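First comes the structure, then the notes that go with it.
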């Protein structure tokens with residue numbers, strides 16, 4: 001087991017900068033998720049750690065060992081890095097049985113036959129593949145292939161697991177099941193794992209920490225709670241969460257209100273102070289609020305509380321366990337997540353409360369979060 | 001239930017039957033002529049069959065062609081194996097070991113090699129083979145056909161290997177395999193369709209070659225069957241029945257290969273490698 005460290009890593013293809021100055025430290029035994037939209041450089045980062053790509057600049061360490069440093073002329077090929085990788089397409093060897101697929105990394109390393117046999121059986125037992133050992137990959141279901149690919153990775157007992165969207169080819173139900181199994185397995189084995197995905201639910205549920213990447217630039221690293229509740233910038237705030245965070249173009253007024261144009265909300269005193277400190281009073285800023293932080297107001301709240309907004313219901317999406325409600329006030333549209341018991345109907349008028357404690361304010365020019 | 005055959009369809013069938021007839025006519029003529037005696041060849045038209053058939057022409061043709069057919073089999077089999085194996089190795093290197101932008105540029109150059117006309121290289125070829133002491137030898141023919149075959153076999157294999165997902169090779173790299181090991185334990189076992197297609201193509205081409213054979217051999221000891229076949233026609237008399245019998249005998253190995261492996265040929269041309 002080992003930590004993985006990336007220092008100022010760049011990857012440039014022709015004139016396309018896939019990864020820009022990435023600094024990231026993955027702790028020993030940690031489950032780190034690289035999250036971002038497709039083409040953001042997360043897979044390239046993983047491939048550089050695996051040794052399938054050479055960085056253009058920067059240094060990569062696995063444990064204490066420098067494995068890539070183009071300036072220093074260091075490049076350790078994948079076979080000598082002691083990492084195992086699970087590919088999106090599984091990349092099982094089509095002509096080999098499940099047994100031979102799992103045994104392959106050990107055969108390459110000339111491990112004695114008896115030990116190979118023992119370890120293949122252990123891994124098969126762990127992954128529930130014992131009855132399938134003689135089958136060929138084409139005779140397996142998607143979930144079974146996935147487990148064979150995992151088996152081939154874990155049999156080596158490598159320093160680091162690298163996983164490139166391993167669940168994206170499975171159907172929704174199986175994905176949820178494998179998500180939990182994979183997490184459990186990682187806990188059990190305690191191997192440092194770097195997991196690439198574009199699925200924020202996978203990232204939130206599996207990761208010890210999440211590194212959000214966009215356009216080759218690391219946006220934020222933190223625990224799932226941190227990136228969800230304290231997004232560092234507009235991108236992270238909008239990328240994580242479903243339905244996504246609502247954003248509004250607003251101005252902060254001298255008297256401590258947020259002016260939406262159609263309506264105003266009273267800021268908390270410390271929020272106002274913070275905004276005054278950074279000099280955003282009377283300036284245009286971006287306000288973000290998550291759908292679950294917009295509540296339906298009770299009749300007493302309407303009379304007693306501030307920050308009640310009268311809105312019209314455009315569309316109600318009933319998900320069974322909750323309702324996604326699309327609302328509108330004048331020209332301002334937003335989405336709320338209401339409990340299933342809510343009686344809201346389309347075209348109805350409704351009073352909603354913006355939970356002012358939960359709002360986020362972003363500087364429009366830097367896109368960075370103030371809070 | 002009666003199926004209605006449309007007018008245009010019946011015209012198309014008539015046309016196809018006519019074309020098939022035209023294509024098969026020379027073969028029919030070869031079969032009828034080969035089963036005639038010398039007098040019958042002179043007295044009947046080339047397409048008229050005779051009854052009972054004579055097989056004397058086959059006996060004579062076979063005794064004449066025996067040695068050249070063995071020669072042909074020897075160099076064809078070896079040159080096919082060598083050019084196919086080398087093409088596979090080169091194809092693997094081009095498709096999977098170097099950047100595809102580089103390999104595509106190299107492939108253009110290799111494609112030129114496929115289109116080099118035989119005639120253009122005859123004189124240097126004969127001089128090189130002679131200086132190597134391989135003139136009029138089976139190894140000389142093997143070397144020539146192997147070298148001339150490598151561009152096309154490389155091209156066929158490279159295109160086949162482009163179809164194999166890169167991830168398969170990358171998985172083997174991460175699993176700890178070196179390039180040779182990746183080739184032998186991952187790529188080679190799934191290359192059967194490409195090997196069959198390329199080997200058939202090479203076998204048929206090398207077997208049917210006349211020009212290299214005629215310039216690189218002198219006597220019977222290395223002469224290919226195709227060259228001997230042309231020599232069956234004497235300077236003063238043309239024994240058409242013996243020539244036709246010889247032609248049919250020489251066509252047999254390629255015919256046999258096509259019948260035995262033809263299904264792989266079609267499969268090899270159509271399958272997209274490893275869609276799973």
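Quick notes on this structure:
- Between B:139, B:53, B:151, the residue with the greatest mean-square fluctuation in the GNM of chain B (Cα pairs under 10 Å linked by springs) is B:53.
- Two-site FRET efficiency, residue B:9 against residue A:199, from Cβ-Cβ distance with R₀ of 56 Å, rounded to 0.05: 0.55
- Choice from B:168, B:255, B:65 showing the highest fluctuation, given a GNM over chain B with Cα pairs closer than 10 Å: B:168
- Paramagnetic reach from residue A:270 in region A:346-371 [backbone N under 16 Å; point 7 Å along Cα→Cβ]: A:356-361, A:370-371
- Average Cα contact separation per residue, chain A, under 8 Å, 6 or more apart, as relative contact order %: 15
- Between residue B:37 and residue A:355, the simple label model (points 7 Å from Cα in the Cβ direction) yields a spacing of 11.1 nm.
- Reference-scaled alpha-carbon Rg (2.2 N^0.38 Å with N residues) for chain A: 1.20
- Per residue convex hull volume, Cα atoms of the protein assembly as shown, in Å³: 295
- Rounded, prolate or oblate (a/c below 1.5 giving rounded, otherwise prolate when a/b exceeds b/c) for region B:124-276 by Cα gyration tensor: oblate
- Bins of 10 Å from zero: percent of alpha-carbon pairs in region A:178-333: 9, 28, 32, 21, 9, 1
- Taking N as its residue count, the alpha carbon Rg of chain B over 2.2 N^0.38 Å: 1.26
- Ranked B:207, B:240, A:10, criterion: other C-beta atoms within 10 Å, fewest first: A:10, B:240, B:207
- The share of alpha-carbon pairs in region A:120-169 lying farther apart than 16 Å comes to 39%.
- Among B:78, B:51, B:92, the largest mean-square fluctuation in a Gaussian network model of chain B (Cα springs under 10 Å) belongs to B:51.
- Peptides A:265-272, B:227-234, ordered by how many other C-beta atoms sit within 10 Å of their residues on average, highest first, read B:227-234, A:265-272.
- Spatial offset of region A:339-363 relative to region A:159-205 amounts to 33 Å, using the alpha carbon center of each.
- A crude spin-label estimate for the pair residue A:277 and residue A:110, with each label 7 Å from Cα along the Cβ direction, gives 6.4 nm.
- Estimated FRET transfer efficiency (residue A:346, residue A:38; beta-carbon r; R0 35 Å; 0.05): 0.55
- For peptide B:175-188, the mean count of partner chain Cβ atoms within 10 Å of a residue's Cβ comes to 4.
- Distance from the Cα centroid of region B:1-80 to that of region A:292-306 is 95 Å (rounded to whole angstrom).
- Helix axis angle, A:172-189 relative to chain A longest principal axis, alpha carbon, degrees: 60
- Modelled spin labels at residue B:136 and residue A:292, positioned 7 Å past Cα toward Cβ, are 9.3 nm from each other.
- Shielding of peptide A:89-98 by partners, expressed as the average count of other chain Cβ atoms within 10 Å per residue Cβ, is 5.
- Within region A:71-146, the percentage of alpha carbon pairs spaced more than 19 angstrom apart rounds to 42%.
- Cβ-to-Cβ counts within 10 Å put B:258, A:178 in ascending order as B:258, A:178, the fewest first.
- Kirkwood hydrodynamic radius of region A:197-264, Cα pairs, Å: 13.5
- Take each peptide in A:103-111, A:212-220, count the other Cβ atoms within 10 Å of every residue, and average; sorted highest first, the result is A:212-220, A:103-111.
- Mean separation of Cα contacts under 8 Å, 6 or more apart, over the residue count of chain B: relative contact order %: 30
- The calculated FRET efficiency for residue A:54 paired with residue B:60, based on their beta-carbon distance and R0 = 41 Å, is about 0.05.
Taken together, the values in this text are just the output of simple stated rules run on the coordinates, not laboratory data. As the structure is a prediction and not an experimental result, all values here were calculated from the model. Cβ: placed from backbone, ideal geometry, glycine included. Neighbour counts: every protein chain shown.
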